[in-house]
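Worksheet: the structure to be examined is printed underneath.
The values are calculated or read from the model by the stated rules, or taken from the named source; none is laboratory data. In this text the structure is predicted, and so the values were computed from the model without any measurement. Virtual Cβ from ideal backbone geometry, glycine too; neighbours counted across all protein chains shown. These area figures cover heavy atoms from the full protein model, side chains too; ligands, DNA and RNA do not enter into them. Shrake-Rupley method; radii C 1.70, N 1.55, O 1.52, S 1.80 Å.
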Amino acid sequence: MSGNGFGHLFRFSTFGESHGPGIGCVVDGTPPGIPLAEADLQHWLDRRKPGQSRFTTQRREADEVEILSGVFEGVTTGTPIGLLIRNTDQRSKDYSEISEKFRPGHADYTYWKKYGIRDYRGGGRSSARETAMRVAAGGVARKVLEHLLPGISIRGALVQMGPHGIDKDRWVWDEVENNPFWCPDAEAAKAWEGYLDGIRKSGSSCGAVIELVADGVPAGLGAPVYDKLDADLAKALMSINAVKGVEIGAGFASAALSGEENADEMRMGNDGEPRFLSNQAGGILGGITSGQPIVARFAVKPTSSILSPRDTVTKGGEETEIFTKGRHDPCVGIRAVPVGEAMMACTLLDHLLRHRAQCGAL
């Protein structure tokens with residue numbers, strides 16, 4: 001299987017399956033001398049791990065990360081960083097009844113057609129369990145970014161659950177940490193509790209939209225043509241399980257704007273640097289950062305594992321019904337917030353290192 005790594009100068013490759021002994025990754029390209037400990041990564045993993053509220057899967061994984069290599073006496077050595085999380089709460093028997101059936105909405109059929117074999121225990125390699133290692137790699141990226149670009153911040157928030165969006169006039173970043181949805185609108189978060197309880201109790205699921213904002217990114221990161229920063233960021237976010245759409249800045253809404261509305265006009269600031277009067281571009285122009293906040297959104301489809309019987313077929317070509325047992329997120333978008341943050345951190349660090357290699361420090 002190819003395609004298990006992401007990035008160029010800062011690169012990570014993941015391994016492991018949902019119900020195997022563990023999952024891990026190798027992070028390469030980290031500069032030497034960066035302070036790094038397991039606690040630095042665990043903070044971010046704790047935000048993604050399952051079982052933290054009634055609104056996420058009740059699989060109980062501590063997601064405790066081990067640093068196996070690449071760190072000596074508390075700092076990175078510049079060599080590959082090996083990270084490992086051991087799986088401790090697998091229930092493979094939950095999936096034994098569907099070993100011959102393809103789950104609608106899952107990758108069961110396509111994996112089987114491509115590889116001729118399928119790990120039916122939670123989806124194996126296609127499981128969102130893999131994203132824990134993305135968060136761990138993102139924790140490494142954040143430490144390097146903090147060292148090279150002090151003051152940078154990368155934050156995510158759930159801005160829509162099912163058909164219910166937030167009121168952006170009520171956006172308060174501190175609220176993100178005060179509810180189980182990473183929602184910046186306290187009133188919306190309260191309303192979502194009843195909505196998702198109903199979804200959960202019915203055995204169904206719903207989708208979500210997550211917004212990411214990176215502040216403190218200087219102008220100049222990225223490249224034109226094929227290595228545009230927004231192109232790489234779109235790939236990073238589209239590679240997350242269950243993501244079906246990505247937009248930068250105004251995104252699809254820009255198609256409804258006039259040229260006058262869409263143009264981010266400029267004036268000179270008091271610091272002698274240009275300032276923008278709007279940010280329809282989402283902080284990226286021609287594939288290169290403008291110095292404005294980088295804004296990206298991604299849409300996550302409803303969790304495909306639901307209790308309602310669905311029509312499907314077996315590996316032998318027989319028509320049948322299926323419903324999925326086990327422990328599943330009624331809205332997988334909730335735990336996608338820290339994953340999106342991690343992928344943005346990895347993408348930004350990769351482009352920062354590539355910029356420094358070609359052009360020097362910003």
Anchor LYS114: lysines whose Cα lies under 28 Å away (excluding residues fewer than 8 positions away in-chain): LYS93, LYS101, LYS235, LYS244, LYS301, LYS315, LYS325
The chain: radius of gyration and largest Cα-Cα distance (Dmax), Å: 21.1, 71
Cubic angstrom per residue, convex hull over Cα atoms of the range 169-234: 128
Of all accessible heavy-atom area on the chain, the percent that carbon and sulfur account for (1.4 Å): 52
Backbone N within the range 155-186 under 11 Å of label point (7 Å from ASN279 Cα along the Cβ vector): 155
Calculated Rg and Dmax of the range 221-325 using C-alpha coordinates, Å: 21.0, 71
Approximate spin-label separation GLU265-TYR115, in nm, with each point projected 7 Å along Cα-to-Cβ: 5.5
Sorted largest first, extent of the range 208-270 alpha carbons per principal axis (Å): 43, 28, 24
Rounded to the nearest 10 Å², the accessible area of ARG310 at probe 1.4 Å: 120
Mean accessible surface per residue for the chain, computed with a 1.4 Å probe while every protein chain stays in place, in Å²: 46
D (Stokes-Einstein, µm²/s), Kirkwood Cα radius, the range 236-281, 0.692 mPa s at 37 °C: 256
For the range 74-209, alpha-carbon Rg and Dmax in angstrom: 19.8, 52
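Just the ratio, please: alpha-carbon radius of gyration of the range 132-203 over 2.2 N^0.38 Å, N its number of residues.
Scaled against compact globular proteins, the figure is 1.39.
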